[in-house]
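J.: For reference, the structure I am asking about is given below.
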Amino acid sequence: MSDEPTGVWEEGLAELLLRIGRRFARVESRRRVRDYVRGLLGPVGRKNGWQLAEYAGHATPDGLQHLLSRSRWEADEVRDDLHAYVAEYLGADNGVLIIDDTGFVKKGTTSAGVQRQYSGTAGRTENCQIGVFAAYATFRGHTLVDRELYLPKSWTEDRERCRAARVPDDRVFATKGELARAIILRALTSPLPVGWVTADSAYGQDSHFRRFLEDHQLSYVVAVPKSQQVHGPRIDHLIGQAPPEAWQRLSAGSGVKGERFYDWAAARLPAVWESDGDEPTRQRWMLARRSIARPDEIAYSVADLVRIAGCRWKVEECFQSAKNECGQDQYEVRRYVGWYRHITLAMLAHAFLAVLAAQEREKGAVSGTHPTSWTSHRPRFDVCWQLDPTAVLRTATTR
């Protein structure tokens, strides 16, 4: 049995911990964060305080609990180091930032931000916390890179409750969309090369969110509900006009069960004078994904492209692996600061695994085809159907 994998693991982890070590002024804190991250990566049954402490050889969990609650260090500074780490090892031109939220089911009412609210993770209303996250994806790999804890109005309007959970006094109510915008702004000022943003319909149906992306000259692919109006008609009525030739069967990327094939149709939307003026500098596209087994089931994306749309599922893979492999959801902290610290260190551990995987993965080149178009002889809305949806990428990136 070779020692090489262990050597690569140890060297890579030591380099990562050295990178963030300057954020911890005391040697005790540096040792504890080392033990904490090692525990998150280790074969620990449930990655809570006691089991992480036992894995690290500590007599009690007091030291690790102190690291999350009272030790002096800023989780946001470690997050910035995470950005630089991911940019160095996974970064690539036209990297995709994926916005999504996930729930953390909790008992009681004292954990910061907890209340009965809908959790997409559970698929129902639960007593839970909601975190808004960003994942970063390139051909090299994908991992989580940022986070914000959503605080409902039941919290932000009760300052005593906030103070008990150590929520900063200047933290006011912000929608999930506003939290997502803050995350995107941070990414744009970080070393991460971001060319695209993608999100599900919870964010895509928000016109302010889409306009924000355009104002920052970001290409984007966002899902919208079928009732979404496209500067006039509903999007489902518009898709109903697509000719049979407009649909092409393409893969949205590999999943657990192999390639995810769907039928896709893309159409270029007309410019909007109120938004673009007399000389538009951007193009907007509508992209529809139709189930092969159930052709009456159609999902809609406003903006660009099959490959970017397929990237959106990578955030779900990140959530699953971060929870299963790095204990992202197994924390026992209740206070606001503790949540950010644990989640940040879990993201750091997840990024380390993503980088290791990327270093072992073979890289391949992707070839494309030339676009062709089809225009209806009796169009009811001024769109141009694209026979090759993959051509939208080349159209968008060469404009």
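The values are calculated or read from the model by the stated rules, or taken from the named source; none is laboratory data. Treat the numbers as computed from the prediction; the structure is a model and nothing was measured. Glycine gets a Cβ as well: all are built from the backbone with ideal geometry, and neighbour counts include every protein chain shown. Surface accessibility is based on the protein's heavy atoms, side chains included, excluding ligands, DNA and RNA. Shrake-Rupley method; radii C 1.70, N 1.55, O 1.52, S 1.80 Å.
J.: Starting from the Cα of residue 251, step 7 Å along the direction of its Cβ; do the same at residue 226; then give the gap between the two resulting points in nm.
T.: Each label point lies 7 Å from its Cα, and together they span 2.9 nm.
J.: If r is the Cβ-Cβ distance from residue 59 to residue 158 and R0 is 51 Å, what FRET efficiency results, to the nearest 0.05?
T.: Values: r = 38 Å, r/R0 = 0.75.
So, using R0 = 51 Å, E works out to roughly 0.85.
J.: Based on the Cβ-Cβ distance from residue 125 to residue 292, what FRET efficiency comes out when R0 is 25 Å, to the nearest 0.05?
T.: 0.20
J.: Given +1 on the Cβ of Lys and Arg, -1 on the Cβ of Asp and Glu, and no further charges, what dipole in debye does the range 201-264 carry about its Cα centre, rounded to the nearest 20? Intermediate values should be presented prior to the final figure.
T.: On the way: 7 positive and 7 negative charges, 34 e Å.
Using only the charged Cβ atoms, the result is roughly 160 debye.
J.: Under the 0.36 nm per residue contour assumption, what length would be gained going from the current alpha-carbon distance of residue 15 and residue 214 to full extension? Let's see the in-between values first.
T.: Details: separation 199, 0.36 × 199 = 71.64 nm, distance 3.75 nm.
Here the answer is 67.9 nm.
J.: Suppose the chain between residue 22 and residue 185 were pulled fully straight at 0.36 nm per residue; how much longer would it get relative to their current alpha carbon spacing?
T.: Details: separation 163, 0.36 × 163 = 58.68 nm, distance 2.47 nm.
Roughly 56.2 nm would be gained on extension.
J.: Around residue 228, under 10 Å between beta carbons, what's the net of Lys plus Arg minus Asp minus Glu among the other residues? Please report the intermediate quantities before stating the final value.
T.: Working: positive: 226, 234; negative: 236.
Combined, the nearby Lys, Arg, Asp and Glu give +1.
J.: Still on this structure, please answer the following. Enter the accessible area per residue of the range 87-229 (Å², integer; probe 1.4 Å; all protein chains in place).
T.: Values: 5970 Å² over 143 residues.
Here the per-residue accessible area is 42 Å².
J.: Can you pick out the pairs among 153/257; 176/314; 226/257; 47/226; 107/153 whose Cα atoms lie more than 31 Å from each other?
T.: 153/257; 47/226
J.: What distance in nm lies between label points placed 7 Å from Cα along the C-beta direction at residue 207 and residue 359?
T.: A separation of 5.0 nm, rounded to one decimal place.
J.: Next up: Can you tell me the order of 263-269, 116-122, 345-351 when each peptide is scored by its average per-residue count of other Cβ atoms within 10 angstrom, highest first? Kindly include the intermediate steps, with their values, before the conclusion.
T.: On the way: 263-269: 22.1, 116-122: 15.3, 345-351: 26.3.
My ranking of the peptides, most packed first, is 345-351, 263-269, 116-122.
J.: Write out the trypsin sites (Lys or Arg not before Pro) in the range 1-79 meeting two conditions: DSSP loop, and at most 11 other Cβ atoms within 10 Å of their Cβ. Can you show the working numbers first?
T.: Working: sites: 19, 22, 23, 26, 30, 31, 32, 34, 38, 46, 47, 70, 72, 79; in loops: 22, 23, 26, 46, 47, 70, 72.
Answer in residue order: 22, 26, 46, 70, 72.
J.: Could you work out how far apart the two model spin labels at residue 110 and residue 94 are, taking each label as a point 7 Å from the Cα in the direction of the beta carbon, and quote it in nm?
T.: So the label points at residue 110 and residue 94 sit 5.2 nm apart.
J.: While we're on this one: Scaled to the compact-protein estimate 2.2 N^0.38 Å, what is the alpha-carbon radius of gyration of the range 97-241, rounded to two decimal places?
T.: Details: Rg = 17.1 Å, N = 145, 2.2 N^0.38 = 14.6 Å.
Taking N as the residue count of the range 97-241, the ratio is 1.17.
J.: Rank by packing, highest mean first: peptides 95-103, 205-213, with packing defined as the count of other Cβ atoms within 10 Å averaged across residues. Can you show the working numbers first?
T.: On the way: 95-103: 25.0, 205-213: 16.8.
Put in order of decreasing packing, that is 95-103, 205-213.
J.: Here is a follow-up. For the range 50-103, what % of the accessible area comes from carbon and sulfur atoms, probe 1.4 Å? Don't jump to the answer; show the numbers that get you there.
T.: Values: 930 of 2370 Å².
For the range 50-103, the apolar C and S fraction of the accessible surface comes to 39 percent.
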